[in-house]
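Note sheet for the following structure.
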Amino acid sequence: MDLIVGTLVLRWYVFAFLACFLVAGAIDLGWRRTLVFGAWVSPLAWLAEFASTRIGVPFGLYHYTGTTRGEELYLANVPLMDSLSFTFLAYAAFCLARVALGQRRPWPIAIAGGLLMMLLDVVIDPIAVRGDRWFLGHIFYYEDGGLYFGVPLSNFVGWVLVGAAGIGGYLWLVREACGRRPELGMALYYAVLAFNLAVTAWIGEWVLLGLGVAVHVTAAAVLYAVHRRPALRPGMESQKA
């Protein structure tokens, strides 16, 4: 019980976003599908993290320091809050992809969702490796560092793959992509982004902040163009034919 309370207190921001996911998901997908989404994505993310800390696939080789053992829950060597985070990140990206593409075909939504989740990590991971400068703490490190602010490019490839597999697997399980209110999940996407940009500014990483803003402004412009012009959406030509 002490570990559960400690995890809630130490990682309050993760559970705040998780609560938003549960509420938004229940309104959008219904409780059953929301629980299916979480029950599929969280173990998948844990497996990807566990494998990465052993053999470097899919995120690249990294290690958890274990400095918060006794303060928060771990599953093997992976903090529980990490795999839980993937659920709301994947759901938020899933909703944004649905709004932008405006279609129910699973594979374009899964791929777009994976890419959109990776774009969040363009901001998230560089500040996570600097966790000793904010309340995350120094919880992990990449064995060989990386080209992008200490993060290897393989990490971003891994995020696309895990995001696409998480969303695609959910769509395969429920056999449909539609929901009632994806706008709530889209708001969650930008709330997570705003939180991480705020932390980036707080620790004084101004170049990273500028790049993060530029990447997401560009991505928002592309998504808006795709949403406004159906001809740009994947599969539209074949549908017309």
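Any read-out appearing in this document is the output of simple, stated calculations on the displayed coordinates, not a laboratory observation. Remember, it's a predicted structure, so these values are computed and weren't measured experimentally. Cβ sites come from the backbone with ideal geometry, for glycine too, and all protein chains shown count toward neighbours.
The calculated P(r) of the stretch 98-241, using every Cα pair and 5 Å bins from 0, goes 2, 9, 16, 20, 19, 14, 10, 7, 3, 1, 0, 0 in percent. Taking other residues whose beta carbon is less than 9 angstrom from the beta carbon of residue 159, and scoring Lys, Arg as +1 and Asp, Glu as -1, yields -2.
Both radii come from the Cα set of the stretch 33-104: Rg as radius of gyration, Rh as Kirkwood radius; their ratio Rg/Rh reads 1.07.
Taking the Cα atoms only, what angle lies between the long axis of helix 80-101 and the longest principal axis of the chain, rounded to 10 degrees? Rounded to the nearest ten degrees, it is 20. Taking all Cα pairs closer than 8 Å and separated by 6 or more residues, the relative contact order of the chain comes to 26 percent.
If you add up the charges near residue 92, with Lys and Arg at +1 and Asp and Glu at -1, over every other residue whose beta carbon is less than 15 angstrom from its beta carbon, what do you get? That works out to -1. Helix 153-174 and the longest principal axis of the C-alpha atoms of the chain enclose an angle of approximately 60°. So what's the back-of-envelope 222 nm ellipticity for the chain, counting only DSSP H runs of four-plus at -39500 (n - 2.57) apiece and dividing by all residues, rounded to 500? Result for the chain: -23500 deg cm²/dmol, rounded to the nearest 500. What do you get for the angle between helix 106-128 and the principal long axis of the chain? Use alpha-carbon atoms, 0 to 90 degrees, nearest ten. Relative to the chain, helix 106-128 is tipped by roughly 30 degrees. Ranked by the mean number of other Cβ atoms within 10 Å of their residues, highest first, the peptides 74-81, 111-118 come out as 111-118, 74-81. Shape index of the stretch 25-168: Rg/Rh, with Rg the Cα radius of gyration and Rh the Kirkwood radius from the inverse mean 1/r over Cα pairs, equals 0.98.
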